[in-house]
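Here's the structure we're looking at; comments come further down.
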Amino acid sequence: MRGSFEKHGNIGVIRINNPPVNAIGATVRAALVDGVKALNADPELQAAVLICEGRTFMAGADITEFGKPMASPNLPEVLDVMEASGKPIVAAIHGTALGGGLETALTCHYRVAVASAKVGLPEVKLGLLPGAGGTQRLPRLVGPATALEVILSGDPVPAKAAAAAGVIDRVIEGDLLAGAITFAQEVVAKGSAMPLVGARTIDLASLPADFFTTARAGLAKAKRNLFAHQQIVDLVEAAVTKPFAEGIALERKAFMACMMHPQSAALRHVFFAERTAAKVAGVDDSVQPREVKTVGIIGAGTMGGGIAMNFLNAGIPVTLVEVKQDALDRGVGVIRRNYEATAAKGKLTTEQVEQRMDLLKPTLEFTDLAHADLIIEAVFETMAIKKDVFTRLDAIAKPGAILATNTSYLSIDDIAAVTARPQDVVGTHFFSPANVMKLLEIVRGAKTAPDVLATVMGLSRRISKVGVVCGNRDGFIGNRLLGAYGYQANRCVLEGATPEQVDAVIRKFGLPMGPIQMWDLAGLDIGYRSRQDREPGSFDERVTRTSDRLVEAGRFGQKTNGGYYDYLPGDRTPRSSALTASIIEQVSVECGITRRAFTEEEILERCMLALMNEGCEVLREGVAARASDIDVVYLYGYGFPAYRGGPMHWAENEVGLPKALERLRHYAAESGDHWLQVSPLLEKLVAEGKSFKDLR
Ligand code: 3HC
Ligand code: NAI
């Protein structure tokens, strides 16, 4: 039993205790029903308080139960029992009352909360909609416009704002239970009024006539492909136009449809994948993280500046080191302009901008890093320069300081080897723009100490990143997969698809941009330069030849108003280029390829299954600990649509591993060379009828 019942004079107290977040699983549902029965069975009791133990009020239904047969009673049935109570119930909220937690509170007759509490309906983030009356009760309390905003955003609302909107009846100062009991006694003293949210009528006076039509049109654009959103609009409209019971029945049907939809399965996978990524082999709770009060960053270029902003945002002082004054000034200028742009949008005050800039110490003196607890290097991607930086760091950094590199591809072990403290060296691979992208790949070297990993994992949360630990191999997880994906995109173009076709297929799938647009954005010259340093046999020169020709023609991408696509000055819209088309055709001829028509399906399968296939290799080599970590990397570092769960989840659940294997074998045989080899791990999983989860 996950609850208890006690008496405080004439007030009963229903306590829920299901750590860590009081998720409303079967035992909690039973405890709620028992509590209501106990209240009504005891003639001495005149009202009850519903309160939770631990760090929070009920944070929602138990997500682990979703998609499986549900034990009776379900939450709507429990709430029917509460609503039928002959005596008033006061919900006493602390922490976060979310989803089914808030819906339970909305079914109570009154709600009180501590000032630090938050309430919200985050179901949409799981591909769901509130399924226990939230779409019908919230509009009756706060009006359809506010309700729609809250339900569609899924974001929590602080208690004081919720009180102003009418969701919370009183904000309690001091002890919550005592305050809630006092509130309940006042209700009793006034004659035990039992207001039900479901019985309220909605004031429609200020609602524009086209409110729901406009909302639907906006979502069709902003949330294209998403299953739950339009139904939320329909349900809030039903709250306005239909009797309560009818609205509840519609909500239940829509909730079940969402729960069974692949998008919700994918988003639930993402919820747990993100949390599972925090569990690192060899780093348990007994490992004490090091203290990080100050951070040093070397290099104020594209990445160094963005990385610095993360720490400044979290209130951590940063010393930023450059080699030349003009590079330092430029880097600091970019940081300031970024903050000022945010302030111009009203998301920061001028004072906050200055507070953040005050935490930044720009310098040309390397020795200013001597006292930093964590030092992140973001200089040019050249091993000799990285080794020089780490040799100098080893000489000046204080004992116990963490020495991190933002390298995209270079070996952490080779960099660590130039120091006398390889246990303190780690990779912290941020993604561009580093102040925006949520991913942090944490690269574990052969000698990286567990407490260094624990510290960087903890720090990633402090700076609002999702950390994923990976092994030290070329390209780590993300860039390694990106290589396989880009290779297939290039192959498709060489064999007959147009860049426009490839990009359109990937965008339609849900990524914000296609691979070829992405190259134009990043700059074709970067890959061109890096290929000059690579062994000729280490990449397929045929597929990069078009890009090389474009660079040699002065077309570097957006920055030169031309790459694969043409761009008008100051306009990032890609426009078809006749020159690019003729270069592609010429390269195809040179490579002896007869161009042919491509279907959407083939482009999608080749690009996306290549991601999964390389993911299998990354797993086989132990570079990623689990398939879900690869999904997290792709979701937060590369814009893979969350509602598809990541490349591994998508391939396993939407395509199916046996079919994925069959398609990959087909494309590998067709390509006839070694650039697409089916992963032995995938072969093994399919042969044994296993899934990625069996690898844990
Ligand atoms: N069901 C099952 N497990 C849950 C859960 C839930 N609703 N919410 C959190 N957990 C688990 C997490 O998986 C994690 O488990 P782990 O320790 O084994 O990894 C543990 O609880 C702690 O969670 P966090 O690490 O996320 O803890 P935080 O303190 O950082 O955050 C929180 C707490 C804000 C409550 C956050 O966990 C959260 O947002 N939870 C999800 C809330 C939610 O989506 N509720 C709606 C559910 S759907 C619903 O209610 C349907 C209804 O309309 C019928
Ligand atoms: P950048 O060229 O924009 O900036 C590098 C900066 O380092 C320059 O300002 C340069 O003056 C400075 N610098 C060079 N040597 C230095 C030294 N010895 N001491 C102090 N400063 C020095 O490069 P960018 O793009 O910021 O990349 C930095 C690192 O981040 C590289 O290792 C790169 O591979 C990696 N990275 C880059 C990403 C990107 O999208 N640009 C993404 C993820 C990682």
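The values are calculated or read from the model by the stated rules, or taken from the named source; none is laboratory data. Since the model is a prediction, treat every value here as computed from it, not as a measurement. When we count neighbours, we look across all protein chains shown, and the Cβ atoms used for this are built from the backbone with ideal geometry, even at glycine. With ligands, DNA and RNA removed, areas are computed over all heavy atoms of the protein, side chains included. Shrake-Rupley method; radii C 1.70, N 1.55, O 1.52, S 1.80 Å.
Before I look further, what does the range 217-339 give for accessible area per residue, probe 1.4 Å, in whole square angstrom?
The answer is 47 Å² per residue.
Work out the length of the dipole vector of the chain about its Cα centre, built from +1 on the beta-carbon of each Lys and Arg and -1 on the beta-carbon of each Asp and Glu, and round it to the nearest 20 debye.
Here the size comes out at about 680 debye.
Determine the alpha carbon to alpha carbon distance for each of 221/659; 68/125; 438/659 and list only those over 29 Å.
Beyond 29 Å: 221/659; 438/659.
Taking the alpha carbon gyration tensor of the range 134-265, what are the square roots of 5 times its eigenvalues, largest first, to the nearest whole Å?
Here the semi-axes work out to 31, 17, 16 Å.
Can you give the FRET efficiency for residue 684 and residue 27, using 1/(1 + (r/R0)^6), R0 = 35 Å, r = Cβ-Cβ distance, to the nearest 0.05?
With a Förster radius of 35 Å, E is 0.35.
Could you go through the range 236-252 in sequence order and give the Karplus-derived ³J(HN,Hα) for each residue, using 6.51 cos²θ - 1.76 cosθ + 1.60 with θ = phi - 60°, rounded to whole Hz, and x for Gly and Pro?
5, 5, 5, 4, 7, 9, 10, x, 3, 4, 5, x, 4, 5, 5, 4, 4
Find, to one decimal place in angstroms, the Kirkwood hydrodynamic radius of the chain, where the mean of 1/r is taken over every pair of different Cα atoms and then inverted.
28.2 Å
To the nearest whole percent, what portion of all C-alpha pairs in the range 428-580 is separated by more than 28 angstrom?
Considering the range 428-580, 32 percent of its Cα-Cα pairs are separated by more than 28 Å.
For residue 470, what residues show an amide H to amide H distance below 5 Å, using hydrogens built from the backbone and excluding near sequence neighbours?
Distant-sequence amide H within range of residue 470: 442, 443, 444.
Excluding residues fewer than 8 places away in the same chain, name every one of the lysines whose C-alpha is closer than 19 Å to that of residue 293.
Straight-distance partners of residue 293: 361, 398, 465.
Any idea what angle helix 325-344 forms with the longest principal axis of the chain, computed on alpha-carbon atoms, 0 to 90 degrees, nearest 10?
It works out to around 30 degrees.
Which part of the range 52-93 falls in the paramagnetic zone of residue 192, meaning amide N under 17 Å from the point 7 Å along Cα-to-beta-carbon?
Of the residues in the range 52-93, 82-91 have backbone N under 17 Å from the label point off residue 192.
Residue-wise, which Karplus ³J(HN,Hα) couplings in Hz belong to the range 687-696, taking 6.51 cos²θ - 1.76 cosθ + 1.60, θ = phi - 60°, and x for glycine or proline?
These are the phi-based 3J(HN,Hα) values: 4, 8, x, 9, 10, 4, 5, 5, 7, 4 Hz.
Using only Cα atoms and rounding to the nearest 10 degrees, what angle (0 to 90) does helix 499-509 make with the longest principal axis of the chain?
20 degrees
Given points 7 Å out from each Cα along the Cα-Cβ axis, report the residue 561 to residue 575 separation in nanometres with one decimal.
Placing both labels 7 Å along Cα→Cβ, they lie 1.0 nm apart.
What relative contact order, as a whole-number percentage, does the range 31-120 give when Cα pairs under 8 Å and 6 or more residues apart are counted?
In percent, rounded to a whole number, it is 34.
Scan around residue 290 for amide H atoms under 5 Å from its own, H built in the peptide plane at 1.01 Å from N, and keep only partners 5 or more places away or cross-chain.
Those lying under 5 Å, H to H, from residue 290 are 455.
Could you tell me whether the range 346-481 comes out rounded, prolate or oblate from its Cα gyration tensor? Rule is a ≥ b ≥ c as square roots of the eigenvalues, rounded for a/c under 1.5, then prolate if a/b exceeds b/c, otherwise oblate.
oblate
Within straight cross-link reach of residue 690, meaning Cα distance under 17 Å, which aspartates and glutamates are found once same-chain residues fewer than 8 apart are removed?
617, 652, 654, 662
What fraction of the Cα pairs in the range 272-336, stated in percent, has a spacing above 15 angstrom?
Above the 15 Å cut-off, the range 272-336 has 61 percent of its Cα pairs.
Pull up the cross-link candidates among the lysines for residue 37, meaning alpha carbon to alpha carbon under 19 Å and not fewer than 8 places away within one chain.
7, 87
Can you give me the Cα centroid spacing of the range 131-156 and the range 176-234 in angstrom?
One Cα centre to the other: 4 Å.
Ignoring any ligand, DNA or RNA, what whole percent of the accessible area of the chain comes from carbon and sulfur when the probe is 1.4 angstrom?
55 percent
Projecting each Cα onto the charge dipole of the chain (Lys/Arg +1, Asp/Glu -1 at the beta carbon, about the Cα centre), which of 144, 577, 445 comes out farthest on the positive side?
144
Give the separation of the Cα centroids, the range 632-696 to the range 53-73, in Å.
The two parts, judged by their Cα centres, are 32 Å apart.
Work out the FRET efficiency for residue 590 and residue 380 from their Cβ-Cβ distance, taking R0 = 35 Å, and round it to the nearest 0.05.
0.55
Which order do the peptides 422-431, 383-392 come out in when sorted by mean C-beta neighbours inside 10 angstrom, highest first?
422-431, 383-392
Let's see if you can work this out: charge +1 on each Lys and Arg Cβ, -1 on each Asp and Glu Cβ, no other charges. What is the dipole magnitude of the range 165-293 about its Cα centre, in debye to the nearest 20?
Charge dipole of the range 165-293: 520 debye, to the nearest 20.
Report the label-to-label distance for residue 272 and residue 535 in nanometres (one decimal), using points 7 Å from each Cα along the Cα→Cβ vector.
Modelled inter-label distance: 4.2 nm.
Skipping prolines and chain starts, which residues have an amide H placed within reach, meaning under 5 Å, of the one on residue 95, given they are 5 or more residues away or on another chain?
Long-range HN contacts for residue 95: 57, 117, 118.
Relative contact order for the chain: what is it in percent, counting Cα pairs under 8 Å that are at least 6 residues apart?
9 percent
For the range 243-294, what does the alpha-carbon gyration tensor say about shape, rounded, prolate or oblate, given a ≥ b ≥ c as the root eigenvalues, a/c under 1.5 as rounded, and a/b over b/c as prolate?
prolate
On alpha carbon coordinates alone, what is the Rg over Rh value for the range 1-101, Rh being the Kirkwood radius?
For the range 1-101, the value is 0.96.
Quick one: check the C-alpha center-to-center distance for the range 438-488 versus the range 578-603, whole angstrom.
Answer, in whole Å: 36.
Measure nothing fancy, just the Cα-based angle from helix 450-462's long axis to the longest principal axis of the chain, in degrees from 0 to 90, nearest 10.
On a 0 to 90 degree scale, this one is about 60.
Run the helix sum for the chain: -39,500 (n - 2.57) per DSSP H stretch of 4+ residues, divided by residue count, reported at 222 nm to the nearest 500 deg cm²/dmol.
My calculation for the chain gives -15000 deg cm²/dmol from helical runs alone.
What spacing in nm lies between the two simple spin-label points modelled at residue 337 and residue 553, each 7 Å away from Cα in the Cβ direction?
Spacing of the two 7 Å Cα→Cβ label points: 3.0 nm.
Could you tell me which residue out of 180, 282, 212 lies farthest along the dipole of the range 150-288 toward its positive end? Charges go on the beta carbon: Lys and Arg +1, Asp and Glu -1, centred on the Cα centre.
Result: 212.
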